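Engineer: The structure under discussion is supplied below as structure tokens; questions concerning it will follow.
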Amino acid sequence: MKKWNNRAWLLVLPMLVLVAFSGVIPLMTVVNYSLQDSFGNNQFFWVGTEWFEEVLHSERFHNALGRNLLFSGIVLAIEIPLGIAIALAMPTRGIGVSICLVLMALPLLIPWNVVGTIWQIFGRVDIGLLGHTLAQWGVDYNYAQSPLAAWITIIAMDVWHWTSLVVLLSYSGLVAVPDAYYQAARIDGASRWAVFRYIQLPRMKRVLLIAVLLRFMDSFMIYTEPFVLTGGGPGNSTTFLSIDLVQIAIGQFDLGPAAAMSLVYFLIILLLSWVFYTVMTKADEEAS
Amino acid sequence: MASISLDGIAHAYEPNPSGDADYALKPMHYQWEDGGAYALLGPSGCGKTTLLNIISGLLRPSHGRVLFGGQDVTNLPVEQRNIAQVFQFPVVYETMTVAENLAFPLRNRGMSRLESKQRVAEVLDMLGIASLAQQKASSLAAEFKQIVSLGRGLVRNDASAILFDEPLTVIDPTLKWELRAQLKKVHRQFNHTMIYVTHDQTEALTFADKVVVMRDGEVLQVGTPQELFDAPQHTFVGKFIGSPGMNILPCQVHGDCASVAAHRIPLAASYTALPGKLELGIRPEYIDLVECGTSDNAIPVSLLGVDDLGRHKVVAVGLDGLTVQALLPEGASLPTAPAMVFRPGHVKIYSDSVLVSSL
């Protein structure tokens, strides 16, 4: 008969308390709200899955989700190749390395709303360097009126802010390639493309997986930049899920739908991250 | 396939070399024959890899010219030199299979799929890894990865030369002998010019027709294994080659007689008065240990220690503060009062570390 030592639970307890307060209790509160309708004076009525059905069938939610997917898709499609290209162009030895690394790390240190504000002012048609210059050249760029301009601005912000992360991750993969590999490739008469395809890319694969996951999750949660720039406008053109959620929860104070929506939002991120992870690790396993 | 000439090659990693010490490779002129198997032998940091990289084109020499078959290739990039090189640590393209790895250099040079397939099959057979052909290179153990890199070096029949940079370091001893024998066979079969860098004398002596002994960026001697053993041109070569290496003892020389620590040693030939620091070199194999007093020329010595290597014993004896190593054949017994006799024909005289020829 195995003897259980129940004192072991004491060792786990601090962690359990921490997780309970940081994760489980807040999450369960949200679950609680999502299943009930609330009125003033703390009156709650059980509504079952009604809020979930409402959220999943609402056009407003579908549109916001579509915007999110489009945004994350565009951001990944630009930042990953661009990040790899910059990492490949960075020097691997000498003083240039530290200079490049510091320059690359700088955008990562700037808070989201500051980035938003910088670009918001930069792009203004009346006083912004970019907006005014473009207006002088006769380019019709006004993020307050044109959805396209607003999208371009937000994507530019995100690319400016986060491509560095992809660069730094890719670079860390690249510097791990021993010189002998490049020498062997020259001896074997490999083209530049073959060197990238067969030496550099395989080495970067693991870090790129992390880069894609991080950039996907983070871009899917986009909130601050469109909020600072246009508050979700013009119209609803930059109302992403998070902005919509805040409008429902705080603007309209509809706690039930907001709770249901945040749970759905969370599950979507979880699901898509899992898909990315599985697909990429599968590819990795097949390779080895 | 081509002969390789080094015309005044020298290399300094710093831009303006002032003294000898600034050169990783000191100026040298050599002509290496087409189809020869050469070994560059020397301790770590002696410049052998630098020299190899200059030949392959990975490094541009700061001075001099490299010629392949009479054609100046100094300024040609690696890709255009038609060289194969195998590195110390395994380099494989991890996402490819073993067969794809071997085909890579061929396909890059525009060989047809069919032709390259045949050639790859030959090399796989030759190296005994045919069963691994379809495995991913990343799944192989280090020594098989190195065999694959070796294969990539051997796969091109038209290479001007195949260079090996200590390729067997990561491979275990039994497989080492086998692979070395394979390389030797490949060499005889295809007659490639092969250059093999190593710090292991056994490897160099068994592999090469000609061994190039280097130290401090300088070539000290180029010769067949026999020449290096019998007539080392430099005391370093004597000490470096052989196990144990040559005994080098300070001496004085008068005509056909040398004296070491006041003991007379007859020489096979006579010498004129010699300048510089004089040393006498004799291989342990050519020292006989006898009982004291049995021979006129026997020098009484003290016994310092014996290492039994099975096939023979290495006996260290002391002579007025000098240590001399001698070989005692299997079965021979140690003299009770040892004395040593140098066989006169095998005593070499060095002036400032360089071999002096007799009159």
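What follows draws every value from the coordinates through simple rules; no lab data is involved. This structure is a prediction, so every number in the text was calculated from the model and none was measured. When we count neighbours, we look across all protein chains shown, and the Cβ atoms used for this are built from the backbone with ideal geometry, even at glycine.
Engineer: Using the C-alpha gyration tensor of the stretch B:211-359, what are the square roots of 5 times its eigenvalues, in whole angstrom, with the largest one first?
Structural biologist: Taking √(5λ) for each eigenvalue gives 25, 20, 12 Å, largest first.
Engineer: Next question, about the same structure. Using a ≥ b ≥ c from the Cα gyration tensor of the stretch A:9-160 (square roots of the eigenvalues), is it rounded, prolate or oblate, where a/c under 1.5 gives rounded and otherwise the larger of a/b and b/c decides, a/b for prolate?
Structural biologist: oblate
Engineer: For chain B, list log₁₀ I(q)/I(0) at each q in 0.08, 0.09, 0.10, 0.13 Å⁻¹, using the Debye formula over Cα point scatterers of equal strength and ignoring solvent, two decimals each.
Structural biologist: For chain B, the Cα-only Debye profile gives -0.51, -0.62, -0.73, -1.03.
Engineer: Through the Karplus equation 6.51 cos²θ - 1.76 cosθ + 1.60, θ set to phi - 60°, convert the phi angles of the stretch B:320-331 into ³J(HN,Hα) values in whole Hz; use x for Gly and Pro.
Structural biologist: 6, x, 8, 10, 10, 9, 10, 9, 10, x, 4, x
Engineer: Which of A:Leu241, A:Gly96, A:Leu56 sits closest to the plus end of the dipole of the protein assembly as shown, meaning its Cα is farthest towards the positive end, when Lys and Arg get +1 and Asp and Glu get -1 on the C-beta?
Structural biologist: A:Leu56
Engineer: Please report the relative contact order for chain B, taking Cα pairs under 8 Å with a sequence separation of at least 6, and give it as a percent rounded to a whole number.
Structural biologist: 16 percent
Engineer: Using the Cα centre as the reference, give the magnitude of the dipole from point charges on the C-beta atoms of the protein assembly as shown (Lys, Arg: +1; Asp, Glu: -1; all else neutral), rounded to the nearest 20 debye.
Structural biologist: Magnitude of the dipole: close to 460 debye.
Engineer: Non-local amide H neighbours of B:Leu304 (under 5 Å, H modeled in plane, Pro and chain starts lacking H): which ones?
Structural biologist: For B:Leu304, the qualifying residues are B:Ala316, B:Val317, B:Gly318.
Engineer: Whole-Hz Karplus ³J(HN,Hα) for the stretch A:240-245, in order, using 6.51 cos²θ - 1.76 cosθ + 1.60 and θ = phi - 60°, x for Gly and Pro?
Structural biologist: Ordered by residue, 3J(HN,Hα) equals 7, 3, 5, 5, 4, 4 Hz.
Engineer: Amide H of B:Val211: which non-local residues (sequence gap of 5 or more, or other chain) have their own amide H closer than 5 Å, using H built in the peptide plane?
Structural biologist: Answer set, sorted by chain and number: B:Ala39, B:Gly223, B:Thr224.
Engineer: How do B:Thr206, B:Thr272, B:Thr97 rank when sorted from fewest to most other Cβ atoms within 10 Å of their own Cβ? Numbers along the way, then the final one.
Structural biologist: On the way: B:Thr206 15, B:Thr272 10, B:Thr97 18.
Ascending number of Cβ neighbours within 10 Å: B:Thr272, B:Thr206, B:Thr97.
Engineer: Something else: Based on the mean of other Cβ atoms within 10 Å per residue, sort peptides A:51-61, B:48-58, A:268-278 so the most packed one is first.
Structural biologist: The most tightly packed comes first, giving B:48-58, A:51-61, A:268-278.
Engineer: Once amide H atoms are built 1.01 Å from N in the peptide plane, which residues 5 or more positions from B:Gln85, or in another chain, come under 5 Å H to H?
Structural biologist: B:Leu163
Engineer: Measuring from label point to label point, each 7 Å out along Cα→Cβ, what is the B:Arg65 to B:Ser138 span in nm?
Structural biologist: 4.7 nm
Engineer: Just want the ordering: B:Thr235, A:Thr117, from fewest to most Cβ atoms lying within 10 Å of their own Cβ.
Structural biologist: Fewest-to-most Cβ neighbours within 10 Å comes out as A:Thr117, B:Thr235.
Engineer: How far apart, in nanometres, would the label points at A:Val97 and A:Phe196 be if each is projected 7 angstrom from Cα along the Cα-to-Cβ direction?
Structural biologist: So the label points at A:Val97 and A:Phe196 sit 2.3 nm apart.
Engineer: When the Karplus curve 6.51 cos²θ - 1.76 cosθ + 1.60 is applied with θ = phi - 60°, which whole-Hz ³J(HN,Hα) does each residue of the stretch A:35-48 get, with x for Gly and Pro?
Structural biologist: Each residue of the stretch A:35-48 in turn: 9, 9, 9, 10, 10, x, 6, 6, 9, 10, 10, 5, 10, x Hz.
Engineer: Next up: Considering only B:Ser44, B:Ser116, B:Ser295, give the residue with the highest GNM mean-square fluctuation for chain B, with springs between Cα atoms whenever their separation is below 10 Å.
Structural biologist: Top of the fluctuation ranking is B:Ser295.
Engineer: Positive end of the dipole of the stretch B:209-337, charges at C-beta (+1 Lys, Arg; -1 Asp, Glu), about the Cα centre: which of B:Ala298, B:Gly318, B:Leu334 has its Cα farthest in that direction?
Structural biologist: Result: B:Gly318.
Engineer: Over chain B, what is the percentage of antiparallel beta bridges among all DSSP beta bridges, to the nearest 5?
Structural biologist: Bridges in chain B are about 75 percent antiparallel.
Engineer: Between A:Leu208, A:Leu255, A:Leu103, where does the largest GNM mean-square fluctuation fall for chain A, given springs only between Cα atoms within less than 10 Å?
Structural biologist: A:Leu103
Engineer: While we're here: Over all residues in A:188-195, what is the mean tally of Cβ atoms on other chains that come within 10 Å of each residue's Cβ?
Structural biologist: What the average comes to for A:188-195 is 5.
Engineer: Once R0 is set to 25 Å, what does the formula 1/(1 + (r/R0)^6) return for the Cβ-Cβ distance between A:Trp9 and A:Leu214, expressed as a FRET efficiency to the nearest 0.05?
Structural biologist: That gives a FRET efficiency of 0.10.
Engineer: Please give the Cα centre distance for the stretch A:19-39 versus the stretch A:259-283, rounded to the nearest Å.
Structural biologist: Result: 20 Å between the Cα centres.
Engineer: Another question, then. Report the Cα-based extents of the stretch A:65-287 along its three principal axes, largest first, to the nearest Å.
Structural biologist: 65, 46, 27
Engineer: Can you pull the percent of Cα pairs in the stretch B:38-126 with separation above 22 Å?
Structural biologist: In whole percent, the long-distance tail amounts to 44.
Engineer: Cut-off under 19 Å on the C-alpha distance; same-chain residues fewer than 8 positions from B:Lys176 excluded. Which aspartates and glutamates are left, in chain and number order?
Structural biologist: B:Asp125, B:Glu143, B:Asp165, B:Glu166, B:Asp200, B:Glu203, B:Asp209
Engineer: What ratio of Cα Rg to 2.2 N^0.38 Å holds for the protein assembly as shown?
Structural biologist: Details: Rg = 37.8 Å, N = 647, 2.2 N^0.38 = 25.7 Å.
My calculation over the Cα atoms of the protein assembly as shown gives 1.47.
Engineer: Another question about this same structure. R0 = 45 Å: FRET efficiency of B:Ala268 with B:Trp177, Cβ-based, nearest 0.05?
Structural biologist: Here the calculated transfer efficiency is 0.75.
Engineer: Averaged across the residues of B:80-93, what count of C-beta atoms belonging to other chains lies within 10 Å of each residue's C-beta?
Structural biologist: The per-residue average across the peptide is 4.
Engineer: Determine the shape class of the stretch B:267-346: with a ≥ b ≥ c the square roots of the Cα gyration tensor eigenvalues, call it rounded for a/c under 1.5, and otherwise prolate if a/b is greater than b/c, oblate otherwise.
Structural biologist: prolate
Engineer: Something else about it: Using a 10 Å cut-off on Cβ to Cβ distances, tally the other chain neighbours for every residue of A:175-186 and report the average as a whole number.
Structural biologist: The per-residue average across the peptide is 5.
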